[in-house]
Every structure is written in C-alpha cells, then in structure tokens.
2 protein chains.
Amino acid sequence: MTTEAPAGGPRRTSGATKAAILDAARERFAADGYERATIRAIARDAGIDPSMVMRYYGNKEGLFAAASEIDLRIPRPETLPAVGMGAALVEHFLDRWENDDVLTALLRVGVTNAAGAERVRAVFTGQMVPVVAGICPDPEDAPRRAALVSSQILGMAIARYVLRFPPAVTMSREDIVDWLGPTVQRYLTAERP
Amino acid sequence: MTTEAPAGGPRRTSGATKAAILDAARERFAADGYERATIRAIARDAGIDPSMVMRYYGNKEGLFAAASEIDLRIPRPETLPAVGMGAALVEHFLDRWENDDVLTALLRVGVTNAAGAERVRAVFTGQMVPVVAGICPDPEDAPRRAALVSSQILGMAIARYVLRFPPAVTMSREDIVDWLGPTVQRYLTAERP
DNA sequence: CTGGCATGTCAACAACTGTTGGCCTACAGT
DNA sequence: ACTGTAGGCCAACAGTTGTTGACATGCCAG
C-alpha cells in the first residue's frame, strides 16, 4: 500500500517508507518469528531495497524494537462493569489479538529471543500490572494477580492463535468469554486461596 | 556422558552416539529454539562430527522429530483424588516441566515452527484429550475441556519457564497449585457456563 | 591374515543471512 | 540552468547454515 503523497514531496516521503517497512515487518515477524523473518523479505513486501531498512532502523534488532512497540489499550478499571470485569477483559484481549498482528509477533519473538522476552516482560510490567493494581483489593499483591491473569490470557492466545488447537479455534467468542471470564475474575478479586 | 560399552562393541556403539546426539539436541532446542539450535552446535555438544547427525537422523527436521518425542505421563484418572483432580494435574505438570527440557523445547519450537506446532497438536490430541475424556461428565465435550485446561497450563508454563515473568517465577509451587487447581477443576467438571 | 562393515572425520558446496559503501536520480532552492 | 540533498538501487562482502561425498580407521568374521 503506497500511501497518498501530498503534492510537493520528493518521490516518496521518508515517513511513508518507514511506515511501509514497519507494516511489513510486523506482518513478517508475526508470521515467521524473529529468525525466519528476513530483512530481504520484509523489504520486498514493503516494495523497497533491503538497504533502506538499514538506513532507517540501523539493524534488525532496531527494526524489531520499532515494530514491537505495543499498546495493549487495556480499558481503565472505572469504565469496566464492576461485576463482569473478568469477562470484559477477556473480550478486550480477544478483540486485540484478532485485529493486531503485533501481539502475535511479540509473543512469537518473546518465546525464541532473549531480547524479545525482555520486551514482553516490559509490556507486562508497564501495562498489565498497573491496571490490575487498580482493580484488586490488595494492591501490593497486584504483580502476582497480574501474572495469573496473564497466564490464562496468554495461554488461550497461544492455543487459539499460535498453536491452533482445533477445539480452541472452533470455540465461539462467547464460549471463551463464558469460560475464561470467571477465571480471570477470580484471579483479580478473590481472597487468596 | 558416554554410556558404558559392553565389552566387544566397535569404538562406540551406534546407539550410544545416537543417544548422545538426542540429549544434546533436546538441550539446544530447549535453550535456543529451532532455528538457532544449529546442527554444528549440537554435534559439538555430543562430541562428534556434524555429518553423524545427518547419518543417523537424515536431516534437521528428522532430528527434531526424534528429539521431541514426548510422553506427558499424565496419571490415569482412577489414581487421582476425586476431589482435587485439578490441583493434582497442575502439580503433575509443574513437576514435568521442571524435570524435562523437552517440554520447553517442544513449546519453543511449536510457537515458531509450523511442523513444531503440528507436533504439539498431536501431543495434545493424543495424550491430553483422552485423559480429560475419562474425567469430565460429558465425554463428547472432552476436546473443548482439554483445550481449556491446556490453555491454562501452557500459559503458566510460558509465563514461568519461558518468558520468566518475575511474579510467576517467584511464586511458590503451593501458591500456583492453590490458584490454578480450582480453575482446572472447573474446566474439567463444571457444568457448561 | 584378510576382507568387510560400522563408526567416524574432513573438506567442501551452495544457499542464504545481515550489513556496507558506492552510485544514480529526481526534486527544491537559488 | 545549476547544484545540493534526500530517497532509492545495485553489487558485493563476510559469515553461517544445512547438507553431501570422499576418505580414514578400528573391529569382528572368515
């Protein structure tokens, strides 16, 4: 997709090319993982020469860092239905996962690559923990609760979108929400068992 | 580890070498994932020439197939405490994950490699589903329940052993069992929500 | 003693990778 | 018209990878 060039730029504005590279990179990283997503393939998808990738992002690691910037967009606790927060969160993440390649890309790379794992941890600490801290009754326990919630959500994402267990793929959104919702709700708010 | 050679073999029995290769391969696949685990490194670990790997396993895919043969050793339902099956299962998998590199290897490769994913699905279908079918009240729903159970167990394994979320690593075995046990129990036996 | 087979090494191939530097070319400002 | 510069391409490098075939060597059977 070459975006429209507002009259008067050079052949293409550098920003447009950088964006095209990022798009292609996200798709490739999501589909192939870090090692098999080659710079050459990404450049081909973006319709430019591999050396341009280096010009704009320095090296492959830099490209991945840029391509894996991610915002989970977890809704603020106040906007969630008090009683069905678990279900609402599950629903949110199903949406997120189905509409954004970056989540799968980050997960794939996080599992294979040490730097990728560090990045996933940063997202977890920076975005998941704070939200859980705003929900759970004992904020000092938020990290543990966040880890539990994440384990269930990550697990379902892997089963459904990465490993593609047939029953997990076939299951309807509603079924998943109905089954996982209570689990997440319990991890968020239940007394320590 | 060169195993003892019963008097009268050639320099080394082929079985011993094959086993040494498998050990090294499991370790490397677990540590590095499929792409970065090179045949050369595996051969070096096993103390032999890379070409021997090809001789015995044909190619890298064949080596991985052999190295990722896995038995989850899920206990038969009859031997489980009727009331705490969920907790017992969680405990079993924690043990399994901590004592066998192959699980991590299979998971890592399953997430990056299409053939690896197929293999994980086979293990799931062949070993998880039957056990769940022997436990849950409605056997025709076993695949779905098995997927749910797997999602939670896989998710915790990834958070704790692969991504190493600090809270998931710090958590004690007992805490994990206490939190996940009821979840798994519900996935196994609860009425459909 | 001699042959044959199993176990193993060595060196090389062809493909592919990330990365680099030099060159081209169209546009904007003068 | 001229030139500087930003956007882009080309060709090549150096390293690594999976994989292959030719060759060495120890052991047992005859």
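I'd like to verify a number: residues in segment A:44-61 that are within 8 Å of DNA strand C (Cβ to nearest atom) and either assigned to a loop (DSSP other than H, G, I, E, B) or away from chain B (no Cβ under 14 Å) (or both), how many?
Final tally of qualifying residues: 9.
Quick check on B:Gly84: is it among the small types (Gly, Ala, Ser), within 14 Å of chain A (Cβ to nearest Cβ) and either open to solvent by 80 Å² or more (accessible area, probe 1.4 Å) or more than 16 Å from DNA strand C (Cβ to nearest atom) (or both)?
Yes, satisfied.
Filter segment B:12-29 for residues that are at pLDDT 95 or above and aliphatic (A, V, I, L, M) and give the result.
B:Ala19, B:Ala20, B:Ile21, B:Leu22, B:Ala24, B:Ala25
Only one residue in A:Arg186, A:Arg164, A:Arg173, A:Arg145 is in contact (Cβ under 8 Å) with a residue 12 or more places away in the chain, at the interface with chain B (Cβ under 8 Å from one of its Cβ atoms) and charged (D, E, K, R), so which one is that?
Sole residue among the options that is in contact (Cβ under 8 Å) with a residue 12 or more places away in the chain, at the interface with chain B (Cβ under 8 Å from one of its Cβ atoms) and charged (D, E, K, R): A:Arg186.
Take the conditions aliphatic (A, V, I, L, M), over 12 Å from the mean Cα position of the chain (by Cα), within 16 Å of DNA strand C (Cβ to nearest atom) and modelled with pLDDT of 95 or more and apply them to B:Ala5. Does it pass?
So B:Ala5 fails the test.
If A:Ile21 meets every condition in (1) assigned to a helix (DSSP H, G or I); (2) within 11 Å of DNA strand D (Cβ to nearest atom); (3) open to solvent by 50 Å² or more (accessible area, probe 1.4 Å) apart from one, which number is that one?
Only one criterion in (1) assigned to a helix (DSSP H, G or I); (2) within 11 Å of DNA strand D (Cβ to nearest atom); (3) open to solvent by 50 Å² or more (accessible area, probe 1.4 Å) is unmet by A:Ile21, namely (3).
The values are calculated or read from the model by the stated rules, or taken from the named source; none is laboratory data. Keep in mind that this is a model prediction, so the values were computed, not measured. Quick reminder, even Gly has a Cβ in these numbers, built from the backbone with ideal geometry, and neighbours come from all protein chains shown. We work out accessible area using only protein heavy atoms, side chains counted, and drop any ligands, DNA or RNA first. Shrake-Rupley method; radii C 1.70, N 1.55, O 1.52, S 1.80 Å.
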